Amino acid sequence: MYILFDIGKTKTRVAGSLDLESFLEPKIFDTPKGYEETIHLVASTAKEISGESAIESVAGGIGCPVEKKTHSLIGGMNFPAWDGKPFQEDLSKAMKTTVFLENDSALVGLGEATHGAGKGSDIVAYITVSTGVGGARIIKNTIDANAYGFEPGWQVLSLAEGQKYASDILSGKSLEESTGRKPYEVIDPAFWNDKARKLAYVLNNVIVMWSPDVVVVGGSMMKEIGISLPLTENYLKDILKIFPVIPPIKKAELHSIGGIWGAMEFLKTKNTKTA
């Protein structure tokens, strides 16, 4: 049995796979507030899923940057109190098996590149607009090389009213802080029109820096009440000038389990390298 997990700011998903070609129905929980509590949740759920079967290895994503050499966490916006924590090592000790850790958005991007909207493209740019703004570049079904991960949500979008990052302007967290409402409670078309325009600037920056074959956009802010992807693409046509054509802009297809698909592909690669 192999265990796959996805730890986001709000939800944690854990699933089992027998063959790294498919997985069982994921178990979904509210993400605990505490570090040790989260490790216990993943480890105990994995034991419940595996039953009497031995756990061969584990892979998953977490909603913050991961330092590549030490595999320790860089707390970021979602888990600031976890900064420097050796999550991979601690989870490995708790589960008594090998654990591989990546950023959650990178694994969702890998899932979309291999099983979702980016399937068949060599260079996939994945952007998620959710609690925060994240994403990654996937090259030939592999997360591109990096030192600290990819953090497109930390690109500067505005200096007019003080330095503001993409996450400050587009994320669900920033929306709730500025309006006091949940995204689905905001029904003003002008509000979402402005968000689509600003997302177009993010996609412009991603495209000119990453030069992808396709851009896949997902996340909870891209729902029916939320940011319109077609409207975003229309704005992008007026912004992106340097390239002769705009790459296809596609909506993510794997929804809430993209990270589990990505974790499965990630673990498959790791097992091949260590075989």
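Each reported figure results from applying straightforward, stated rules to the coordinates on display, with no laboratory input. Keep in mind that this is a model prediction, so the values were computed, not measured. Quick reminder, even Gly has a Cβ in these numbers, built from the backbone with ideal geometry, and neighbours come from all protein chains shown.
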Tell me the residue from ILE246, ILE225, ILE239, ILE187 that is under 19 Å from ALA136 (Cα atoms), more than 19 Å from the chain's Cα centre (by Cα) and of a type in the set (Val, Ile, Thr), please.
ILE246
Taking the criterion of being surrounded by fewer than 13 Cβ atoms within 10 Å (Cβ to Cβ), under 26 Å from GLU151 (Cβ atoms) and of a type in the set (Lys, Arg), would at least one residue in the range 27-47 satisfy it?
yes
Picking from ASN78, ASN103, the residue that is crowded, with 24+ Cβ neighbours inside 10 Å and among the polar types (S, T, N, Q) would be ASN103
Members of the range 126-172 found to be of a type in the set (Val, Ile, Thr), closer than 14 Å to LEU107 by Cα and free of Cβ contacts under 8 Å to residues at least 24 places away in the same chain, listed by number:
ILE139
Any residue in the range 194-210 that is touching a residue at least 12 places away in the same chain (Cβ under 8 Å) sitting within a Cβ distance under 7 Å of a residue that is assigned to a helix (DSSP H, G or I) and among the aromatic types (Phe, Trp, Tyr)? List the pairs, counting only those 6 or more apart or interchain.
ALA196/TYR235; ARG197/TYR235; ALA200/TYR235
Taking only the range 36-77 into account, find how many residues are of a type in the set (A, V, I, L, M), out of contact with any strand residue (DSSP E or B) (no Cβ under 8 Å at 6 or more places or on another chain) and closer than 14 Å to TYR2 by Cα.
2
